[in-house]
Amino acid sequence: MMLYLDTSALVKLYVQEPLSQELTAAVDEAEAVATSLLAYAEVRAAFARARREARLSPQAYRHIVDAFVEDWTCYIAVEVTDHLVKAAGELAAARALRGYDAMHLASALSLRDRVSSPMMFLAFDRELSVAAKREALHIHPLGA
């Protein structure tokens, strides 16, 4: 099974939060992990904010950045195209989503339509998970 992670899920893989251990287990069980190419910048920004707000020590910050950069090469990153951006715009309007959330949903839908293996969507953002379910994506139980 392929597992699509939005930014909230990716951050939870590296910064200890509630459900981080369960998420790590789900990622370990997945055949592949996918996300939007945009997630790289979003995740790095989230890490930097946690550091600025002193929720991460300098050492912890460097450790999670290094781990994320190394792991990024193993993730399937859905490319951002003109078609994808326009689809995200439609989803943002139809499902009342923020821009980057709409990009994640459009990316997951695009990927689902191109792969033959089963895929689950995982976000720790209620509105995004509800929109994904309405678009007939299978929602991972952790994000339901």
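Observations, loosely collected:
- The number of residues in the stretch 67-95 being more than 18 Å from the chain's Cα centre (by Cα) and under 16 Å from L10 (Cα atoms) comes to 0.
- Here A106 meets each of (1) exposed (fewer than 14 other Cβ atoms within 10 Å of the Cβ); (2) in contact with a Leu (Cβ under 7 Å, 6 or more places away or on another chain); (3) over 25 Å from A50 (Cβ atoms) with one exception, condition (1).
- Among residues of the stretch 81-119, those that are of a type in the set (K, R) and more than 13 Å from A34 (Cβ to Cβ), counted: 3
- Exactly one residue out of A46, A50 is within 16 Å of the chain's Cα centre (by Cα) and within 18 Å of S8 (Cβ to Cβ): that is A46.
- In the condition set (1) in contact with a strand residue (DSSP E or B) (Cβ under 8 Å, 6 or more places away or on another chain); (2) hydroxyl-bearing (S, T, Y); (3) surrounded by fewer than 21 Cβ atoms within 10 Å (Cβ to Cβ), S129 is compliant with all but (3).
- Helices (runs of 4 or more DSSP H) lying entirely in the stretch 1-85 (those with 1 or more residues that are surrounded by fewer than 17 Cβ atoms within 10 Å (Cβ to Cβ) and touching a Lys or Arg at 6+ places or on another chain (Cβ under 9 Å)): 20-29, 39-52, 58-72
Computed from the coordinates by the stated procedures, all read-outs in this text should not be read as laboratory data. Computed from a prediction, not measured in an experiment: that's the story for all the values here. For neighbour counting, all protein chains shown are included, and Cβ atoms are generated from backbone atoms with ideal geometry for every residue, glycine included.
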